[in-house]
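The values are calculated or read from the model by the stated rules, or taken from the named source; none is laboratory data. Keep in mind that this is a model prediction, so the values were computed, not measured. As a convention, Cβ positions derive from the backbone with ideal geometry for all residues, glycine included, and neighbour counts pool all protein chains shown.
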């Protein structure tokens, strides 16, 4: 005699619980291999897929740690923060937080390097998914009121670090990811033409980015910094840092 069907929601919850923690599997339809073996195959396949996602999202960190150690941290992270959403886009959003929480005690600045590298790589992923300015007409840069209209694009993000990380994010994957010499740096990640770019900003460029983020205008630049405006304008234009405000 066939058993009556289990309500879909209840079935999903039972499957999720068995997937995470094991338990009775008598509700799984018989046939083929034992239920536990079938579930284990599925569990291992899902775990491998999640690892692949983290490897793709953090290539520089993986090169720095090595495959074995990276996978070890990744498995621990997935245990602590299993995916909750319908998309894997947010899968690695707390990886740096997990690395910070499991950081060995000590004052060695090298212990902070993988944490900062993870934050930088996550920033790159987030910028890639933001609405961009690819539809902007570049002719606005040459209009008379361009300095008045210029504002920060929504695809510009930056991160203050104690290591210069831009070269690691811009590499082709063939180089090693050894920690560079520790020093204060501002990593700026932006997107232009559907390409994500990571550069290091100077102190004064970082100040101007902050000024723009707070709603400032480039045509009101302090007199002592006015000579630097053409340099900032050219770099911001080439990297997609600016977009025009609507005219009133």
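Numerical summary
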{"read-out": "Near pairs, Cβ below 7 angstrom, 6+ apart or cross-chain, from region 25-36 (under 19 Å from residue 13 (Cβ atoms)) to any residue that is modelled with pLDDT of 70 or more and in a loop (DSSP other than H, G, I, E, B)", "value": "35/28"}
{"read-out": "Some residue of region 62-84 being within 12 Å of the chain's Cα centre (by Cα) and surrounded by 20 or more Cβ atoms within 10 Å (Cβ to Cβ)", "value": "no"}
{"read-out": "Any hit, region 107-121, residues being loosely packed, with under 14 Cβ neighbours inside 10 Å and in a loop (DSSP other than H, G, I, E, B)", "value": "yes"}
{"read-out": "Residue count, region 130-161 (criterion: touching a helix residue (DSSP H, G or I) at 6+ places or on another chain (Cβ under 6 Å) and in a loop (DSSP other than H, G, I, E, B))", "value": "1"}
{"read-out": "In region 162-173, residue nearest to residue 60 (Cα to Cα) [restricted to those that are part of a loop (DSSP other than H, G, I, E, B) and modelled with pLDDT of 90 or more]", "value": "165"}
{"read-out": "Selection from region 70-115 of residues that are in contact (Cβ under 8 Å) with a residue 40 or more places away in the chain, touching a helix residue (DSSP H, G or I) at 6+ places or on another chain (Cβ under 8 Å) and more than 21 Å from residue 48 (Cβ to Cβ)", "value": "113, 114"}
{"read-out": "Selection status of residue 120, within 30 Å of residue 193 (Cα to Cα) and modelled with pLDDT of 95 or more", "value": "yes"}
{"read-out": "Lone qualifier among 223, 195, 211 - being free of Cβ contacts under 8 Å to residues at least 12 places away in the same chain and more than 28 Å from residue 134 (Cβ to Cβ)", "value": "223"}
